[in-house]
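Enquirer: Once you've had a glance at the structure underneath, I'll fire off some questions.
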Amino acid sequence: MSPNRPDRGRHEERDQLRAILDRMAGRRVLVVGDIVADEFIYGRVARVSREAPVLILEYDATEIVPGSAGNAANNVAALGGRVLLAGALGRDGEAAALVERLHPGVDSTAVLRPGGAFRTPKKTRILAGGVHSAKQQIVRIDRRADAGLDASERDRLARRVSTRLGRMDAVIFSDYGGGVVTPSLVRGVVGDLRRRRRTIPLMLDTRYALTRYHGMTAATPNESEVERVLDVRIDDDPRVLERAGRQVLERTHMAALLITRGSKGMALFEPDRPTVHIPISGSDEVADVTGAGDTVIAAMTLALAAGATFEQAARLANHAGGLVVMKRGTATVSRDELARAIDR
């Protein structure tokens, strides 16, 4: 074999991924799911309290950014896609702050604003550190919506999705357990596309219900989510990982499954094809994994919408994931950042 063959292969892969990245620009993606306000409260460690063995923090600042489906939408837009965001937000200050931080490429006209008791879900992360040290997350407080969507609001959301579906190149279902994404909603989208005789990528990101949904193109769970749904422990056992991936494919009838494994990289499963193990991209010195799954599914979805194979899309998503975990908080990856990572 020629000694230049490995280099030639790397150059070919780089050129392929760059071509896909170029084709991703302007692809239209519907992101439907739970929109969460990610609140970050920053402080400096002052001293230990005399009242209890806890730290006293001197408050610095508060930041609210779009999380969950909102973060997935921001990532699609940052990578050059055009996004329609569908979900629900309360009529509260958290929603107002969140909407202000949506990327200019995100259209939020399909977001419901229920009245009454509905409150915007919020995850509050308190980060502390010294004057000369990086701030670390010390506690997270989750506040779910006080009330879910009623039947009429679910119907209204389904209609907003259906009327815009014909213009979309892909769909991301972002299910963080807030009740916006349901098997009924997914069945409606799948049926609507069949009636239109359209085939587009339908991507699933779900925290708790991986095997409840059918008709999806692919899903991007992390390893712990797969372990939870199958009641197994993967650890570093490749045989358990292989069985788990194949079992999820069999139960969901998806065309592909990408399991993200943190510092161990990713594993791509397709029916009747060998599993592809993708090593971690970039450094394994992770700064923050908050929202990394949103970045991965955004990049993979856009790549598939641009005509990539599942392996090409997974490798591109791996580069995006490797970039975003080096950033603090809920973050996005831009098209230019991803292009530089591919070139490296």
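The values are calculated or read from the model by the stated rules, or taken from the named source; none is laboratory data. The model shown is predicted, which means the values in this text are computed figures rather than measured ones. Using ideal geometry, Cβ is built from the backbone for each residue, glycine included, and neighbour counts are taken over all protein chains shown.
Enquirer: Please note which strands (runs of 3 or more DSSP E) are completely contained in the range 40-123 and include at least 1 residues that are free of Cβ contacts under 8 Å to residues at least 40 places away in the same chain and of a type outside the set (Phe, Trp, Tyr). I'd like the intermediate steps shown before the answer.
Expert: On the way: elements: 55-68, 82-88, 106-112.
The strands (runs of 3 or more DSSP E) meeting that bar are 55-68, 106-112.
Enquirer: Specify which of the listed residues (THR163, THR124) is more than 22 Å from the chain's Cα centre (by Cα) and either within 24 Å of ARG196 (Cβ to Cβ) or surrounded by 16 or more Cβ atoms within 10 Å (Cβ to Cβ) (or both).
Expert: Numbers: THR124 fails: more than 22 Å from the chain's Cα centre (by Cα).
Answer to the selection: THR163.
Enquirer: Related question: Can you pull out every residue in the range 200-223 that is hydroxyl-bearing (Ser, Thr, Tyr) and either buried (at least 22 other Cβ atoms within 10 Å of the Cβ) or at pLDDT 95 or above (or both)?
Expert: THR206, TYR213, THR217, THR220
Enquirer: Just to be sure before I move on: is ASP205 closer than 22 Å to GLY291 by Cα and either among the charged types (D, E, K, R) or part of a loop (DSSP other than H, G, I, E, B) (or both) in the structure I sent?
Expert: The answer is yes for ASP205.
Enquirer: While we're looking at this one, here's another question. Go over the candidates GLY178, GLY191 one by one and state the one that is among the small types (Gly, Ala, Ser) and surrounded by fewer than 21 Cβ atoms within 10 Å (Cβ to Cβ).
Expert: Among GLY178, GLY191, only GLY191 is among the small types (Gly, Ala, Ser) and surrounded by fewer than 21 Cβ atoms within 10 Å (Cβ to Cβ).
Enquirer: To continue, here is another question. So which residues in the range 316-344 are within 17 Å of the chain's Cα centre (by Cα), in a loop (DSSP other than H, G, I, E, B) and within 17 Å of ILE278 (Cα to Cα), if there are any at all?
Expert: VAL325
Enquirer: Between a residue in the range 154-167 that is farther than 14 Å from GLY87 by Cβ and any residue that is assigned to a helix (DSSP H, G or I) and among the charged types (D, E, K, R), which pairs come within a Cβ distance under 9 Å, given they are 6 or more apart or on different chains?
Expert: SER162/ASP192; LEU165/ASP192; LEU165/ARG196; GLY166/ASP192; GLY166/ARG196
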